[in-house]
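*Asks:* Sharing a structure, written as structure tokens. Questions coming.
We did not get these values from a lab; they are worked out from the coordinates using the rules stated. The model shown is predicted, which means the values in this text are computed figures rather than measured ones. Glycine also receives a Cβ, built like all others from the backbone with ideal geometry; neighbour counts cover every protein chain displayed.
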């Protein structure tokens, strides 16, 4: 007897989750609670998540892997996320292309700024993304912000 047949609402809570990148792009992740839910082959982007009060999700760590099994079974950050920060589940998005994995990982890290990621988190308001496609979208948003910014209240350069 599976968990989903016992608790029908758990399919809604623990099936899929959508995360949004800094660019506004949506990514649909599969939620895995056990090692058995990790795909046997393939790579992509994963998120260690802490779930609070059933519906509130907080990403603790975002990473990419070329092979989920080899990366997630002995992941050096999972024990810290689980033991110290209270991670309850892993979210997995399968992506074949390595450059797409890097772009999506950076997009998500820049949006959510997880506690355990420190390399790709923006340091200031004018910190540009390293990926060219993300950088173009970031510059466009910055241009629109500057276009509608009030002339008073700005500090002189």
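*Asks:* When the label point is put 7 Å from the Cα of residue 88 along its Cα-to-beta-carbon vector, which residues of the range 14-56 have a backbone N closer than 11 Å?
*Replies:* 14, 49-56
*Asks:* Kirkwood hydrodynamic radius, computed over distinct alpha-carbon pairs, for the range 52-122: how many Å, to one decimal?
*Replies:* This gives a value of 13.1 Å.
*Asks:* Estimate the FRET efficiency between residue 99 and residue 146 by the formula 1/(1 + (r/R0)^6), using the beta-carbon distance for r and 30 Å for R0, to the nearest 0.05. Let's see the in-between values first.
*Replies:* Details: r = 30 Å, r/R0 = 0.99.
The value I calculate is 0.50.
*Asks:* If you don't mind, another one. Compute the distance in nm between two label points, each set 7 Å from the Cα along the Cα-to-Cβ direction, one at residue 52 and one at residue 16.
*Replies:* Spacing of the two 7 Å Cα→Cβ label points: 2.8 nm.
*Asks:* Something else: Full extension from residue 33 to residue 139: what is 0.36 nm times the residue separation minus their Cα-Cα distance, to one decimal in nm?
*Replies:* On the way: separation 106, 0.36 × 106 = 38.16 nm, distance 3.79 nm.
My answer for the length gained is 34.4 nm.
*Asks:* Shape of the range 20-89 from its Cα gyration tensor (a ≥ b ≥ c, root eigenvalues): rounded if a/c is under 1.5, otherwise prolate when a/b > b/c, or oblate? Walk me through the numbers before you get to the answer.
*Replies:* On the way: a/c = 1.61, a/b = 1.09, b/c = 1.48.
The shape class here is oblate.
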